[in-house]
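Data block below; observations after.
The values are calculated or read from the model by the stated rules, or taken from the named source; none is laboratory data. If you're wondering where the values come from, they're calculated on a predicted model, not measured in any experiment. Glycine also receives a Cβ, built like all others from the backbone with ideal geometry; neighbour counts cover every protein chain displayed.
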There are 2 protein chains.
Amino acid sequence: MQVAANSTANPIGKYSFMKKKKTSLKDIAKEVGVSIATVSYVLSKGANSRVSVEMSEKIKKVAKELNYQPNQIAKSLKSGKTHTIGLIVADISNPFFAHIARIVEDEAAKLDYTVIFGSSDEKADKSWGLIKFLMNRQVDGFIIVPSEGSNDQIQYLEDHNKPYVLIDRRLPERESNYVVIDNHEVAYQAVKRLIDTGNERIGMIAYSNGLQHMRDRVSGYRMALQNHGISFDNSWLKAVNFDQVKEGVRAGIDDLLNGPKPIDAIFFATNTLAVEGLKYLDKLNVRVPDDISIVCFDQGDAFDFYYCPLTYVKQPLVTMSEEAVRILISQIDDPSLPKVQKSLQAELVIGKSCSGRLMADKN
Amino acid sequence: MQVAANSTANPIGKYSFMKKKKTSLKDIAKEVGVSIATVSYVLSKGANSRVSVEMSEKIKKVAKELNYQPNQIAKSLKSGKTHTIGLIVADISNPFFAHIARIVEDEAAKLDYTVIFGSSDEKADKSWGLIKFLMNRQVDGFIIVPSEGSNDQIQYLEDHNKPYVLIDRRLPERESNYVVIDNHEVAYQAVKRLIDTGNERIGMIAYSNGLQHMRDRVSGYRMALQNHGISFDNSWLKAVNFDQVKEGVRAGIDDLLNGPKPIDAIFFATNTLAVEGLKYLDKLNVRVPDDISIVCFDQGDAFDFYYCPLTYVKQPLVTMSEEAVRILISQIDDPSLPKVQKSLQAELVIGKSCSGRLMADKN
């Protein structure tokens with residue numbers, strides 16, 4: 001196995017960062033007064049332990065006091081595990097995914113796992129290249145933001161019994177582990193807020209893909225309109241391509257503002273769409289909320305500096321990412337566990353960006 | 001070799017994303033009317049080609065028209081290369097590094113390389129874990145934002161003849177490939193701008209590490225003060241820990257503003273420090289540039305929404321990242337090439353955030 005081969009070639013002690021004397025099983029055995037085998041047995045967490053609970057606790061306590069760190073390479077050899085997770089996000093330059101990556105990494109580190117990232121750029125073939133490379137290099141499992149058309153790749157993981165958790169987006173056609181938010185519900189609430197604050201002609205700027213989370217956001221938007229007696233106008237929904245966000249958002253806003261009856265409000269389906277949209281509205285000197293009401297998805301440093309506090313959908317990024325790590329690692333440890341599907345509630349944070357022209361009662 | 005073994009186990013054609021019939025050497029040979037060997041010879045770019053330039057061009061043209069994609073696995077087996085780069089950044093949730101990651105990825109993709117990321121969280125032991133994992137899994141080379149104390153890890157790469165390029169930061173104690181900016185010079189220009197616009201008491205908020213790029217930014221700041229007859233006051237330089245950015249920046253600003261003689265201006269040494277600092281100044285109702293002048297490092301969506309257009313150091317992120325990829329891949333192809341060191345010029349972009357209290361001639 002490569003891990004062992006290369007490690008032997010690399011004499012421990014040559015590099016100063018390896019020199020720190022580590023606590024060994026022997027140190028713990030000496031301190032407690034038992035055999036090395038007993039210490040090893042307790043710390044490797046064998047079931048039906050032959051050691052008394054009392055002794056077991058004592059050994060664990062001493063191991064902790066001496067800051068015992070199990071040797072990862074030896075552990076790898078024994079378990080066939082690498083204690084490494086592959087994380088495939090859609091676009092690492094998007095702060096939303098960069099934050100997920102960071103939280104996944106922090107949570108994995110707590111559980112003694114390393115995370116290796118790849119970014120699919122929303123392209124199925126790129127995602128496949130990354131999955132293939134990391135599969136061949138023995139990551140123990142994957143956390144994946146699936147791109148459009150990647151269903152077969154997930155099938156490939158299933159076929160090879162590789163644990164994985166989908167995050168942010170699920171693939172409705174298959175029963176996999178996933179942690180997502182209830183996109184339909186929170187989109188409904190977001191648009192309801194726009195209606196409640198006096199807006200009637202409400203545009204939405206979304207992505208033009210067929211991914212379920214995007215469909216759900218659109219269906220929430222349409223149902224909110226419908227349930228409040230507003231008949232949806234096809235020209236209100238603008239679909240933007242991933243590859244042309246700036247141009248698409250600008251064209252969409254131009255259409256929404258310059259139609260025979262301009263819209264009162266815009267619901268942006270993601271942070272990236274909102275950032276581009278707000279920049280363009282600034283350029284056009286369209287003011288929020290005086291000229292137009294806005295609700296968007298996600299928060300970020302950019303929005304913190306925006307002149308008008310925005311009403312936005314706050315996704316539970318920490319819970320979502322931590323859950324994904326925990327589900328994955330539990331299934332790496334025990335592949336027979338049943339699949340877990342979590343749909344978390346997102347929160348609508350009320351700012352000052354909704355203020356309909358139709359009501360005296362401004363927000 | 002794992003790549004081959006696993007790929008054999010995976011029957012090509014089973015998954016629809018593999019089913020697309022690919023152009024083979026045979027297809028090209030048939031189209032051009034030459035042997036498969038000739039096509040192979042030309043497309044594998046053998047030096048001193050035995051094929052005429054004319055024929056060579058024709059084969060390449062047809063290969064392009066037929067959208068020929070060389071088989072990566074076969075190429076790997078033949079060359080011992082995986083066509084994969086490991087990129088270690090300091091913090092993937094920092095937009096500066098996330099952007100570098102994205103550009104590295106795009107440039108590598110053009111050259112037919114896949115990028116796998118890891119984030120060191122500015123910790124040498126984490127960086128070492130990532131390098132070790134990726135080394136053992138045969139990445140062809142590394143692009144690394146070195147964290148403090150990682151000099152020995154770089155030595156390890158040298159000892160194992162693994163090509164690598166340092167980016168954003170260099171390690172002055174060793175002669176390695178690197179692509180950085182001239183931090184001293186642009187910091188000098190930034191502080192000179194503050195002085196030229198009428199500021200005398202100029203604070204700096206930096207990180208408390210000993211990394212060369214941070215030292216250079218501080219030395220540029222100090223030299224600008226010195227060359228303009230301003231004697232540096234120790235209390236003007238605030239050093240913040242990576243692990244406590246928010247608290248550190250706030251404490252630093254409190255000190256700078258509440259001393260016996262408050263400062264006129266602040267130079268923020270990174271984007272993260274600036275974002276935290278500007279948020280805190282907002283909270284304190286200290287207005288830019290009326291109450292205080294500001295110059296910061298880097299741009300970003302956050303600054304685009306800030307009420308006052310900022311004067312900032314614009315790093316040539318695209319050039320820096322693309323150069324790093326090109327240098328690395330050229331050395332993967334030919335390890336005997338000499339090391340390359342690039343120090344790029346950064347640009348000071350003039351906004352409206354510098355306006356000294358001491359001059360009538362406001363910016």
>> Can you pull out every residue in segment B:78-106 that is farther than 19 Å from B:Gln331 by Cα and more than 10 Å from chain A (Cβ to nearest Cβ)?
In response: B:Ala90, B:Phe96
> Applying the selection to segment B:126-171, what residues are in contact with a helix residue (DSSP H, G or I) (Cβ under 6 Å, 6 or more places away or on another chain) and in a loop (DSSP other than H, G, I, E, B)?
Replying inline: B:Asp140, B:Ser147, B:Gly149, B:Ser150, B:Pro163, B:Arg169, B:Arg170, B:Leu171
> From the residues in segment B:115-125 that are buried (at least 20 other Cβ atoms within 10 Å of the Cβ) and within 8 Å of another protein chain (Cβ to nearest Cβ), which one is nearest to B:Ser330 (Cα to Cα)?
Replying inline: B:Val115
> How many residues does segment B:171-183 contain that are surrounded by fewer than 20 Cβ atoms within 10 Å (Cβ to Cβ) and either modelled with pLDDT of 95 or more or in the same structural domain as B:Asp216 (by TED's automatic domain parsing) (or both)?
Replying inline: 1
>> Step by step: first the residues of segment B:206-230, then only those that are at pLDDT below 95 and in a loop (DSSP other than H, G, I, E, B), then the one that is surrounded by the most Cβ atoms within 10 Å (Cβ to Cβ). Which residue is that?
In response: B:Leu211
>> Just to be sure before I move on: is A:Val275 assigned by TED's automatic domain parsing to the domain that holds A:Arg201 and touching a Gly at 6+ places or on another chain (Cβ under 7 Å) in the structure I sent?
In response: no
> When the residues of segment A:126-147 are filtered to those that are more than 10 Å from every other protein chain (Cβ to nearest Cβ), farther than 12 Å from A:Lys162 by Cα and among the aliphatic types (A, V, I, L, M), which remaining residue is surrounded by the most Cβ atoms within 10 Å (Cβ to Cβ)?
Replying inline: A:Ile144
> Quick one: A:Phe142 ticks every box in (1) at pLDDT below 95; (2) not assigned by TED's automatic domain parsing to the domain that holds A:Ile294 bar one, so which box is it?
Replying inline: (1)
> What strands (runs of 3 or more DSSP E), lying completely within segment B:288-361, carry at least 2 residues that are within 14 Å of chain A (Cβ to nearest Cβ) and surrounded by 17 or more Cβ atoms within 10 Å (Cβ to Cβ)?
Replying inline: B:293-297
> B:Phe97 fails exactly one of the following numbered conditions: (1) out of contact with any helix residue (DSSP H, G or I) (no Cβ under 6 Å at 6 or more places or on another chain); (2) more than 22 Å from A:Arg102 (Cα to Cα); (3) modelled with pLDDT of 85 or more. What is the number of that condition?
Replying inline: (2)
